[in-house]
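Asks: There's a structure below that I have some questions on.
The values are calculated or read from the model by the stated rules, or taken from the named source; none is laboratory data. As the structure is a prediction and not an experimental result, all values here were calculated from the model. Heads up, the Cβs are rebuilt from the backbone with ideal geometry, glycines too, and the neighbour counts pull from every protein chain shown. Quick note on the areas: whole protein, heavy atoms, side chains included, nothing else; ligands and nucleic acids left out. Shrake-Rupley method; radii C 1.70, N 1.55, O 1.52, S 1.80 Å.
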Amino acid sequence: MKSCCDALLLPFALSLPPPSRKAIMSSHLQWMVIRNNSSFLIKRNGQTYSTEPNNLKARNAFRFNGLVHRKTVGVEQARNGKGVVVILKKRTGRRKPVKSYEKITINKNSRTTLNHLRNIIRKNNYRRDLCMAALRRASAILRSQKPVVVKKRSRTSRTPKTA
């Protein structure tokens, strides 16, 4: 037996997604939820920092957040201390967190590494606004991996000034 309410709800029910698919919140809505309440937040000296993965500048800002965007780029030091690891968040596999990240290890010289990182971001249509931040982070990591060279002072004899 059908009621008159079923007839009114039928067009609405047809427009709903199937029950197996769950709706995913937009990135802006996710940001509004986590911007002030996150386990990654650190508040110091009047500034708010964030320690989440794939946050290139460690700022608590929508632009640099590594959790809410579909495609993100992260740069970390390699495990053996030589080179960098580029972590890319894929668009697919959002419900399977382990499969949604791709790690690429680059341990060439610094110029080749930075060019390779730039090409990865450009060719795969990743977020171009993060390209410069990723290059700067990779450059800082590569600079920190170079051995420190201690400059020796030259022993030159000082000649007394004659007046």
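Asks: Please go through segment 38-66 and pick out each residue that is part of a loop (DSSP other than H, G, I, E, B) and open to solvent by less than 20 Å² (accessible area, probe 1.4 Å).
Replies: Of everything in segment 38-66, those that are part of a loop (DSSP other than H, G, I, E, B) and open to solvent by less than 20 Å² (accessible area, probe 1.4 Å) turn out to be Glu52, Asn54, Asn55, Leu56, Phe64, Asn65, Gly66.
Asks: Collect the residues in segment 116-128 that are open to solvent by 60 Å² or more (accessible area, probe 1.4 Å) and more than 30 Å from Met25 (Cβ to Cβ), keeping them in residue-number order. Walk me through how you get there before you give the answer.
Replies: Narrowing segment 116-128 to residues open to solvent by 60 Å² or more (accessible area, probe 1.4 Å): 116, 118-119, 122-125, 128.
Result: His116, Arg118, Asn119.
Asks: Here are Ser15, Ser27, Ser20: which of them is open to solvent by less than 60 Å² (accessible area, probe 1.4 Å), modelled with pLDDT under 90 and polar (S, T, N, Q)?
Replies: Ser27
Asks: Can you find, within segment 69-115, the residue that is surrounded by the fewest Cβ atoms within 10 Å (Cβ to Cβ) among those that are over 26 Å from Arg35 (Cβ atoms) and touching an Asp or Glu at 6+ places or on another chain (Cβ under 8 Å)?
Replies: That would be Val85.
Asks: Restricting to segment 129-158, count the residues that are of a type outside the set (A, V, I, L, M, F, W, C), within 28 Å of Lys71 (Cα to Cα) and open to solvent by 100 Å² or more (accessible area, probe 1.4 Å).
Replies: 2
Asks: Applying the selection to segment 124-143, what residues are of a type in the set (Gly, Ala, Ser) and touching a residue at least 12 places away in the same chain (Cβ under 8 Å)? Before you say what the answer is, go through the steps one by one.
Replies: If we filter segment 124-143 for residues that are of a type in the set (Gly, Ala, Ser), which is where we start, we get 133-134, 138-140.
Within segment 124-143, Ala133, Ala134, Ala138, Ser139 qualify.
Asks: Restricting to segment 115-135, count the residues that are at negative phi and out of contact with any strand residue (DSSP E or B) (no Cβ under 9 Å at 6 or more places or on another chain).
Replies: First pass over segment 115-135, keeping only residues at negative phi: 115-124, 126-135.
Those left that are additionally out of contact with any strand residue (DSSP E or B) (no Cβ under 9 Å at 6 or more places or on another chain): 115, 118-119, 122-123, 128-129, 132.
Number satisfying all stated conditions: 8.
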